[in-house]
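Below you'll find the structure, written out as structure tokens, and then a few comments.
The values are calculated or read from the model by the stated rules, or taken from the named source; none is laboratory data. The structure displayed is predicted, hence computed values, not measured ones. Quick reminder, even Gly has a Cβ in these numbers, built from the backbone with ideal geometry, and neighbours come from all protein chains shown.
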Amino acid sequence: MIHNPLDTTLSGPVSTPVFEDVVTSRLDLIPVSVESLLCQRENASDMRTRLGAILNAIVPDAWPHEHWEPHVYEYLLNLIAGDSEAVGWCRYLALRDNNTYGRTLIGSFGSGFPKSETGEAEIGYGLLPDWQRHGFAVEAVDAMLPWLRGRREIRAFVAQTFPNLRGSIRVLEKCGFQPAGAGFEEGAVLFRKE
């Protein structure tokens, strides 16, 4: 369930503000910000402490997850520089729990804006190993797709993964994605949800 996904009590739908967390039964989906990206990119010795203060979450020693590659920082910083709404399209996944902050950073979710020629928006996600296979990625994807559709017209969502990443494929299948041929990267497979 999304926290205030669309307020239809007014004359028409009003989307939840971009910078608010999207809340599910177990997760807070926190917008990625320029501040959080710069903190991570600097990778100073106190990065996890500083990022934890920015996100109001515990940041495990294993952060970032394996799919958060160095080029992600520049890609997201450029995306946000081009359109401030991109802040809401990329999220940290924080599991609510009983610690100092009340939540722990466990992964991320991101989506590009829909392509003008196809209306397709590509999504991606990743989790730290200790939190994989617990349904958190499915929960995040299921929450974010309606939120994204409330922002812009999207004809379909697409995601690519690799055939050996069975867990990633199961996430997409559980979220209603169907196989759609070869992916954009060599060896990848594409999944699509209308």
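Quick notes on this one:
- Residue ID - farthest from the chain's Cα centre (by Cα), chosen from residues in region 107-127 that are touching a residue at least 40 places away in the same chain (Cβ under 8 Å) and buried (at least 23 other Cβ atoms within 10 Å of the Cβ): 127
- Within region 139-192, tally of residues that are charged (D, E, K, R) and either in a loop (DSSP other than H, G, I, E, B) or under 19 Å from residue 117 (Cβ atoms) (or both): 8
- Subset of region 101-127 (residues that are farther than 13 Å from residue 60 by Cα and either charged (D, E, K, R) or in a loop (DSSP other than H, G, I, E, B) (or both)): 102, 112, 113, 114, 115, 116, 117, 118, 119, 120, 122
- Positions within region 125-167 being touching a His at 6+ places or on another chain (Cβ under 7 Å) and under 21 Å from residue 86 (Cα atoms), in sequence order: 126, 127
- First in region 63-90 and under 21 Å from residue 143 (Cα atoms), second anywhere and among the charged types (D, E, K, R) and at pLDDT below 90, Cβ under 6 Å, 6 or more apart: none
- Restricting region 52-86 to residues that are among the aromatic types (Phe, Trp, Tyr) and within 29 Å of residue 99 (Cα to Cα), the residue that is nearest to the chain's Cα centre (by Cα): 68
- Subset tally (residues that are surrounded by 19 or more Cβ atoms within 10 Å (Cβ to Cβ) and in a helix (DSSP H, G or I)) for region 22-44: 4
- Looking only at region 45-71, and only at residues there that are among the small types (Gly, Ala, Ser) and assigned to a loop (DSSP other than H, G, I, E, B), the one that is nearest to residue 93 (Cα to Cα): 57
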